[in-house]
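Presented below is the structure to which this report refers.
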Amino acid sequence: MTSLIALLILILAMAVGIPIPLSFFLCAAFICTIGGFNPLMLFSYGFNNQNSILLLTIPLFVLAGAIIDKGGIGEKLVQGLMKLCKGSKAALGTVTIISSAMFGAVSGSATATLSCIGSIMTPRLKEQGYKPGLIGAMLASSGVLGIMIPPSILMILYAWGTGTSVLACFLATIIPGVILITLFSIVNAYFVKKDPDMVNFQPLKKEIKESGERKQRSAVPAVMMPILLLGSIYGGVLTATEGAAFSVIYSLIIGIFYYHRIDSISFKAALVQAGETSGVIMVMLFSVGILSRMFMTENLPDLILNFLTSLSSNRAIILIMINLFMLVIGMLMDDCSGTVLSAPLLLPVVMALGMTPIQFAAVLSVNIGMGNVTPPCAPLLYLGGRVAGADVKEMLKPTFSLILFAWIPTLILTTFVPDLSLLLPRLMGYV
Amino acid sequence: GGKKSTSNASADGEKSTNLTSTDDFIPVEWRMANQHPNDSFVTLADKEIIDSIKEATDGRVNITLYPDNQLGDYMSVFDEIMFGSVEMGHISVNSAYDSRLLGTFLPYLATGYDQLATIYSPDSYLFKTIHEIESKLGIELMGFFCEGFDGVGTDVELTDAAVVGAEKGALIRVPAMDTFAECNIELGFRTTTIPYSDTYTSIQTGLADGWAGGPANLNYQYFRDVLNHFYDYQQVQEATHILISKTAFEKLLPEDQESIRTIIQDKCLDSISLAQEDEGKYKTLLEESGVTVVEFSDSERATFADAVRANVWPKLAQTFTQEFLDNVLASFNE
Amino acid sequence: MKIIAYIDKVLQIIYDYIIIISGSIVTILIMTGAFMRYILKTDFYGSEEIILIFGYWLYFIGSISASRSKTHLNADMVSIFTQNPRIISIKEIIKDLLSLAICCVAIKWCYDYWSWTIALKPRTSVHKIPYYFQQFPMCLAFFMWGFYLIRDCVTSFLDLKNIDTKVSIEIFKGRNA
Ligand code: NA
Ligand code: NA
């Protein structure tokens, strides 16, 4: 009962627009007061819970994302792909989607992926006659590829919250990510084909003009980055956290000395911006961690499992309901909070149904990723709109098509075909 | 607030308990947190403790167990026992408030199971000292629970495994505590203090070759897929603390306090044979899953112990104070 | 008013520098640890304790900077359903007042925790660094957040007043036409 009222308070507080960390705190404080606990426990738990090197990976990946964005690496990745772009109308959209995935291999966050690839691709897409609404929706969904292709902040949080191997979780989301890439491309092709207004279409004949010297610079150091990063993590040279620090330093070095894009001013700006973003995420984690702890005291995982099994004894139906539950969480809150809150709550439940923690990592990624482009709380969708210069209204139709024809099929596949998420971890010997 | 519970609680508590009789005592609901998996012998023992307590107190003390770090890691659970928001815990100790609390983790404190009953007995210097420190923090120490001797799990074969100080040819992960780090360096390991959460994948990717600081059961349950060898160095007896929040404890009837203390201390005494049995079971399981278990002879272990006590303990004096170390050694030479 | 704007600007510069310094130190120390292990074959013993102190400064000063620029995430649904400036403005006031109230509770409890823990002088395991170096930015963050929420409340009230005058001007104009 306490948990239900607490959830209601949480939703109301968020609906009024109270900052999400304060809403979480309010909810936790409510359970704490009702339960008669000493409120000192909230801060003691929050402080100790966050005292982990693994979590430092998050600000480092955010920082690396900001530097990669300013350092010209994203642009080089895109240019490499554009050369392969043949003259069909849909090709540039596909390039956007695949660039996001490639960018995802150096960046751990969806927002960084979206803002970097979005700012590079939007003018080109518009030049070819893509509608802002489609661009925004496509960017938002593709941004999630930033967390489906390793490294991934979400998987770090998942591993942190559930004690699962980070590297195995990284591998689990790759195949679902590839399915998403394919389905996004198909939906994109359909929209482009159906759009009668794409009269301005002209195959890209010339590479977008660039000032002389910079154009000479090869894309190799940029393309080397994901190889070096993932290679050193999986090759036993660096831990995931050290990998994040390595990305910062690598992108800084080639941004300064090779692409000549970063100076002390833009470096400071990137650091401050990343510091602020990390602050937002970490304070949220602080309070969502406390809330999650309070839900544990209330035995919420047991309550959820009992409730679900009382509704049906069919495993498939229970799994679908768990997905719906996560979807609601994803609709209400951002990806990081959604992960930290639902991972420890739902993992015991799905494990009781015979799902492994590694598969659940992939299911959760797809689900929370989808929640991120699903209104009302859809930070990625709004960011996509801002980058593409589109209204939320214009983006709704392509967004819902993407959800219906790309996200939901992928989610169902990931939930019911364990091999999709377990194949790669098994091949690499992580399961 | 929390301050009150640490200082004045005992006086208040005794007054109130004396006035209450068995009949009008309102039953209490407690939360107990541990850090052990659901199917471990430790969690099983905790469940038995809880049942015995309920029976012995005629249902006046009901305890719900939250296993497997559900309420947070030992650092925060320790704090919460201090505040009383968690009434009972079975955890590793948080040494932030006093380094001597790590006394049960002194390397080669014991060299075999037969010594443990003396070393960890409620009459020992070690127990009394730690009891006093925790008491000042608002916590009642009920007993030390043995979980098995820590060894070193590796995926490579060590060179000169039994020779103290000889290069072992392995980089192993150790907890960032002097007790563990110095002991393994003394034996001849190269150590790294990467986070525990990175340990499994690090052994897998080859970043590290193994890890120290866990008994056979942890090596089997969490690491068997990445290990090829388990070296039974028996460096440290994994002795966790069973703790009760003082405020909560002192609200109980004196006879219930007494029966709880007896139940837990009996269980802690049992834990020595339970741990030995569990260790044997998991060594067999390790062998069965393809991990070679390397045992050392009594005389080899005595060599390790002598070297570590002679060369590592002096370095630990900074942390533990010389007085503490001397008294611990004296008490078990008796 | 000028002096407040000046203090505000100086504070932001301080935040920026703390973020830049702590962010750089965290990156460098983590890479140093990797370098020492992989190249020098030694252990950067106890580095975690130092890194996390700077980490906490980075997290929490970053969050203060975010409350100054109002970039903390929210899931505002009211403004999706209505465009009415009056309703939105009143909702803003309610939101800011509630946020401030919640934050005050957080400040109170955080302060209690701080005074509880500082009396016990907990220290880290290897370097024996007092934990208050790490706990201080956490407490400061909630305190400064409260400070910026007071600012937000004041601006929300001023906004509502402006809307009221604007609406009345529009009504007045309407009558004239
Ligand atoms: Na990624
Ligand atoms: Na959402």
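With respect to the conditions (1) more than 13 Å from chain C (Cβ to nearest Cβ); (2) in contact (Cβ under 8 Å) with a residue 60 or more places away in the chain; (3) more than 23 Å from the chain's Cα centre (by Cα); (4) open to solvent by 10 Å² or more (accessible area, probe 1.4 Å), A:Ile31 lacks only one, and its number is (4).
Scanning segment A:319-337 for residues that are within 10 Å of ligand 2 (Cβ to nearest atom), within 11 Å of chain C (Cβ to nearest Cβ) and assigned to a helix (DSSP H, G or I) gives A:Met331, A:Leu332, A:Asp335.
The set of residues in segment A:139-175 that are closer than 30 Å to A:Gly385 by Cα and not in a helix (DSSP H, G or I) comprises A:Val144, A:Ile149, A:Pro150, A:Pro151, A:Ser152, A:Thr173.
Scanning segment A:368-388 for residues that are within 16 Å of ligand 1 (Cβ to nearest atom) and at pLDDT 90 or above turns up A:Ile368, A:Gly369. Restricted to segment B:1-44, and to residues that are modelled with pLDDT of 90 or more, in contact with a helix residue (DSSP H, G or I) (Cβ under 7 Å, 6 or more places away or on another chain) and more than 14 Å from every other protein chain (Cβ to nearest Cβ), which residue is least open to solvent (accessible area, probe 1.4 Å)? Across segment B:1-44, the extreme among qualifying residues is B:Ser40. If you go through segment B:107-147 and keep only what is in contact with a Gly (Cβ under 9 Å, 6 or more places away or on another chain), within 18 Å of B:Ala239 (Cα to Cα) and not in a helix (DSSP H, G or I), you end up with B:Leu109, B:Tyr120, B:Pro122, B:Ile139. In segment A:120-132, the residues that are within 16 Å of A:Lys194 (Cβ to Cβ) reach residues that are open to solvent by 40 Å² or more (accessible area, probe 1.4 Å) with C-beta atoms within less than 6 angstrom, at least six apart or across chains, in these pairs: A:Gln128/A:Phe201; A:Gly129/A:Asn200; A:Gly129/A:Phe201. Is it true that A:Leu300 is within 14 Å of another protein chain (Cβ to nearest Cβ), open to solvent by 10 Å² or more (accessible area, probe 1.4 Å) and either in contact (Cβ under 8 Å) with a residue 24 or more places away in the chain or among the acidic types (Asp, Glu) (or both)? Taking the combined requirement at face value, the residue satisfies it. Considered as a group, the residues in segment C:1-37 that are in contact with an Asp or Glu (Cβ under 9 Å, 6 or more places away or on another chain) and within 10 Å of chain A (Cβ to nearest Cβ) include one that is most open to solvent (accessible area, probe 1.4 Å), and that residue is C:Met31.
A search for C-beta distances below 6 Å between a residue of segment A:1-19 that is within 21 Å of C:Leu149 (Cβ to Cβ) and in a loop (DSSP other than H, G, I, E, B) and any residue that is modelled with pLDDT of 90 or more and open to solvent by 10 Å² or more (accessible area, probe 1.4 Å), counting only pairs 6+ apart in sequence or on different chains, returns A:Gly17/C:Lys95; A:Ile18/C:Lys95; A:Ile18/C:Leu98.
Of the set (1) open to solvent by less than 50 Å² (accessible area, probe 1.4 Å); (2) at the interface with chain A (Cβ under 7 Å from one of its Cβ atoms); (3) of a type in the set (Val, Ile, Thr); (4) under 20 Å from A:Leu26 (Cβ atoms), all apply to C:Ile93 but (2).
Of A:Ser292, A:Ser365, all but one fail to be more than 14 Å from chain C (Cβ to nearest Cβ), touching a helix residue (DSSP H, G or I) at 6+ places or on another chain (Cβ under 8 Å) and within 16 Å of ligand 1 (Cβ to nearest atom); the exception is A:Ser365. Quick one: would you say A:Ser310 is within 16 Å of ligand 1 (Cβ to nearest atom) and either farther than 23 Å from C:Tyr56 by Cβ or surrounded by fewer than 16 Cβ atoms within 10 Å (Cβ to Cβ) (or both)? So A:Ser310 fails the test.
When B:Asp256, B:Asp225 are checked against the criterion of being on the phi < 0 side of the Ramachandran plot, assigned to a helix (DSSP H, G or I) and away from chain A (no Cβ under 14 Å), B:Asp256 stands alone in meeting it. Taken together, C:Tyr59, C:Tyr45 contain a single residue that is assigned to a helix (DSSP H, G or I), aromatic (Phe, Trp, Tyr) and either in contact (Cβ under 8 Å) with a residue 12 or more places away in the chain or open to solvent by 70 Å² or more (accessible area, probe 1.4 Å) (or both), which is C:Tyr59.
Among residues that are under 19 Å from the mean Cα position of the chain (by Cα), under 30 Å from B:Thr179 (Cβ atoms) and open to solvent by less than 30 Å² (accessible area, probe 1.4 Å), C:Met144 is not included. The single residue among A:Leu92, A:Leu81, A:Leu134 that is away from ligand 2 (no atom under 16 Å from the Cβ), in contact with a Cys (Cβ under 9 Å, 6 or more places away or on another chain) and part of a helix (DSSP H, G or I) turns out to be A:Leu92.
Checked across segment A:372-381, the condition of being within 11 Å of ligand 2 (Cβ to nearest atom), outside any loop (DSSP other than H, G, I, E, B) and open to solvent by 30 Å² or more (accessible area, probe 1.4 Å) holds for at least one residue. Checking each residue in segment A:244-289 for being within 10 Å of chain C (Cβ to nearest Cβ) and β-branched (Val, Ile, Thr) picks out A:Val248, A:Ile249, A:Val272, A:Thr277, A:Val280, A:Ile281, A:Val283. Going by the structure shown, is A:Leu353 farther than 24 Å from A:Leu145 by Cβ, within 14 Å of another protein chain (Cβ to nearest Cβ) and away from ligand 1 (no atom under 16 Å from the Cβ)? Here the answer is no, as A:Leu353 does not meet what is asked. Scan segment B:52-76 for residues that are touching a strand residue (DSSP E or B) at 6+ places or on another chain (Cβ under 7 Å), hydrophobic (A, V, I, L, M, F, W, C) and modelled with pLDDT under 95 and jot them down. Of everything in segment B:52-76, just one residue is touching a strand residue (DSSP E or B) at 6+ places or on another chain (Cβ under 7 Å), hydrophobic (A, V, I, L, M, F, W, C) and modelled with pLDDT under 95, namely B:Leu71.
Among the residues of segment A:154-195, those that are of a type in the set (Val, Ile, Thr) and either more than 14 Å from every other protein chain (Cβ to nearest Cβ) or within 16 Å of ligand 2 (Cβ to nearest atom) (or both) comprise A:Thr173, A:Ile174, A:Ile175, A:Val178, A:Ile179, A:Ile181, A:Thr182, A:Ile186, A:Val187, A:Val192. A single member of A:Ile58, A:Ile98 is under 21 Å from A:Ser185 (Cα atoms) and within 16 Å of ligand 1 (Cβ to nearest atom), and it is A:Ile98.
Of all residues in segment B:171-215, those being in contact with a Ser or Thr (Cβ under 9 Å, 6 or more places away or on another chain), closer than 28 Å to B:Ala110 by Cβ and either within 12 Å of chain A (Cβ to nearest Cβ) or among the hydrophobic types (A, V, I, L, M, F, W, C) (or both) number 16. Considering only residues that are part of a helix (DSSP H, G or I), modelled with pLDDT of 95 or more and open to solvent by 40 Å² or more (accessible area, probe 1.4 Å), which ones fall in segment B:277-298? Answer for segment B:277-298, where residues must be part of a helix (DSSP H, G or I), modelled with pLDDT of 95 or more and open to solvent by 40 Å² or more (accessible area, probe 1.4 Å): B:Glu277, B:Lys281, B:Thr284, B:Leu285, B:Glu287, B:Glu288.
The values are calculated or read from the model by the stated rules, or taken from the named source; none is laboratory data. Since the model is a prediction, treat every value here as computed from it, not as a measurement. FYI the Cβ positions are ideal-geometry reconstructions off the backbone, even for glycines, and counts take in every protein chain you see. Note: accessible area is taken over every heavy atom of the protein model, side chains too, but ligands, DNA and RNA are not part of it. Shrake-Rupley method; radii C 1.70, N 1.55, O 1.52, S 1.80 Å.
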